[in-house]
Amino acid sequence: MTWTLAQRQRVALEHQILQNEGFTQFGVYHHASDDTYSAGGTATTSSGRNYRLYCPIPAGYPTERPSLYITDPQPLLNYHGAAISGLGVSHAMHTLEPHAVGWVQICHWRSARWHAGIVLQKVFLKALLWFEAYEQHLATGRDLADFFRTMQEAA
C-alpha cells in the first residue's frame with residue numbers, strides 16, 4: 001500500500017484532533033516497518049475500569065470505515081460470563097465480526113453511512129459510550145441495545 005500525501009496529512013490531522021479535543025489517551029501511530037497506520041489507546045470508564053482499543057487504519061481511509069477492536073481485557077465477557085466475541089455480529093451488544101484473535105469489534109458506524117467527514121475522535125467518543133453501556137450491561141444484564149438508539153432509529 002502506498003499512502004497518498006493527502007492520506008498522510010489526514011492521519012496527522014486525526015492525531016492533532018484527538019489531542020486538541022481532549023482525547024489525549026488516544027493517538028494515531030505510523031508503523032514504519034510496513035508503512036501502516038493505526039490508532040488506539042486506553043479508555044477509562046466512569047467506574048475507573050480500563051479498556052484497550054486498537055483501530056487499524058485501512059488503505060482506503062478516510063473514505064473507508066476503520067474497524068475498532070477491544071484488545072484488553074481479553075476475552076471480554078458478558079453478564080453471564082461468556083465471551084462476547086462468540087456472539088459475532090450482534091445488534092443486542094452492538095458488535096461486529098470479531099478479529100481473528102478474538103478481539104471484540106465495536107459497531108461504531110455503519111459502513112454505508114461512513115464518509116470522509118467523520119473523524120476518529122467521533123469513533124473513540126462512540127467507544128467511550130459503548131464502554132459505559134457495557135458496564136451497565138454487566139451490572140443489570142440488559143443488552144447494550146437498550147442503552148443506544150441505532151442510526152436507523154435516530155435518522
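The table below lists the values:
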{"item": "Residue match in segment 137-147 (condition: open to solvent by less than 50 Å² (accessible area, probe 1.4 Å) and among the hydroxyl-bearing types (Ser, Thr, Tyr))", "result": "no"}
{"item": "Residue that is modelled with the lowest pLDDT [pool: residues in segment 104-148 that are closer than 19 Å to Thr45 by Cα and aromatic (Phe, Trp, Tyr)]", "result": "Phe148"}
{"item": "Single residue of segment 8-27 satisfying the filter (in contact (Cβ under 8 Å) with a residue 40 or more places away in the chain and not aliphatic (A, V, I, L, M)) that is surrounded by the fewest Cβ atoms within 10 Å (Cβ to Cβ)", "result": "Glu21"}
{"item": "Residue count, segment 29-51 (criterion: assigned to a strand (DSSP E or B) and within 30 Å of Leu138 (Cα to Cα))", "result": "9"}
{"item": "Given (1) in contact with a helix residue (DSSP H, G or I) (Cβ under 9 Å, 6 or more places away or on another chain); (2) under 28 Å from Thr4 (Cβ atoms); (3) touching a residue at least 24 places away in the same chain (Cβ under 8 Å), number of the condition His30 does not satisfy", "result": "(3)"}
{"item": "Qualifying residue in segment 107-128 (condition: open to solvent by 50 Å² or more (accessible area, probe 1.4 Å) and either of a type in the set (S, T, N, Q) or in contact with a Phe, Trp or Tyr (Cβ under 7 Å, 6 or more places away or on another chain) (or both))", "result": "yes"}
{"item": "Residue check for Ala92: small (Gly, Ala, Ser), closer than 27 Å to Arg142 by Cα, in a strand (DSSP E or B) and in contact with a helix residue (DSSP H, G or I) (Cβ under 9 Å, 6 or more places away or on another chain)", "result": "no"}
{"item": "Checklist (1) under 15 Å from Gly102 (Cβ atoms); (2) in contact with a helix residue (DSSP H, G or I) (Cβ under 8 Å, 6 or more places away or on another chain); (3) part of a strand (DSSP E or B) applied to Tyr54, failing item", "result": "(2)"}
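The values are calculated or read from the model by the stated rules, or taken from the named source; none is laboratory data. This is a predicted model, so every value here is computed, not measured. All Cβ positions, even for glycine, are placed from backbone atoms using ideal geometry, and neighbour counts span all protein chains on display. Surface accessibility is based on the protein's heavy atoms, side chains included, excluding ligands, DNA and RNA. Shrake-Rupley method; radii C 1.70, N 1.55, O 1.52, S 1.80 Å.
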